1. How high is the FRET efficiency between Val113 and Glu34 when r is their beta carbon distance and R₀ equals 30 Å, given to the nearest 0.05?
2. Could you tally the net charge around Gly53, taking each other residue with its Cβ under 13 Å from the Cβ of Gly53, Lys/Arg +1 and Asp/Glu -1?
3. Counting other C-beta atoms within 10 Å, and keeping those with at most 10, which DSSP coil GluC sites (Glu not before Pro) do you find in the stretch 82-129?
4. Radius of gyration and Dmax for the stretch 74-129's Cα atoms, expressed in Å?
5. Take every Cα pair under 8 Å in the stretch 74-129 that's 6+ residues apart, average their separations, divide by the length, and report that relative contact order as a whole percent.
6. Counting only DSSP beta bridges with both residues in the chain, tell me the antiparallel percent, nearest 5.
7. Among Leu80, Leu93, Leu30, whose Cα sits farthest toward the positive end of the charge dipole of the chain (+1 at Cβ of Lys/Arg, -1 at Cβ of Asp/Glu, about the Cα centre)?
8. Pairs of alpha-carbon atoms within less than 8 angstrom and 6+ residues apart define the contacts here; what relative contact order does the stretch 1-127 have, in percent?
Amino acid sequence: MDRHVGLFSIVVADYDEAIEFYTKSLGFALIADEDRDAGKRWVVVKPGTSGTGIVLAKAKNSEEESRIGNQTGGRVGFFLYTEDFQRDYDSMLANGVRFLEEPRYEAYGSVAVFEDLYGNKWDLLERKG
């Protein structure tokens, strides 16, 4: 049986600003942006041509709004793998992505923590081997 995570959601404040950040600042591809009923949209971005996509889900009530930017309790909750850490780090810096630390070169690979536009923490990671 072949199983994998196809999509996961990140709660956002605004569809268009989230699309702008993920496509321009992080270089993700916009896979879907479809209107739904009552002002909702089905928005999916993906970091590459294969793998898991992210549903950008606009908060619809105060409980969901309270989770924007802190979906994992302040921990790094998302891991963006790359085959060229320095290229992507430099590109993300040039596009205004806020890194919370200088790159680290660990036994498992190169890594640096960054925040998305709402403050969710991510690792940019190039694994060794």
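1. That gives a FRET efficiency of 0.40.
2. 0
3. Glu83, Glu101
4. 10.6, 32
5. Dividing the mean separation by the residue count of the stretch 74-129 yields 44 percent.
6. Details: 20 of 31 bridges.
About 65 percent, rounded to the nearest 5.
7. With unit charges placed on the Cβ atoms, the residue in question is Leu80.
8. Working: 229 pairs, mean separation 30.3, N = 127.
Normalised by residue count, the contact order of the stretch 1-127 is 24 percent.
Throughout, read-outs are computed from the coordinates displayed, never taken from laboratory work. This one's a predicted model, so the numbers in the text were calculated from it and none came from an experiment. Backbone-built Cβ (ideal geometry, glycine too); neighbour counts: all protein chains shown.
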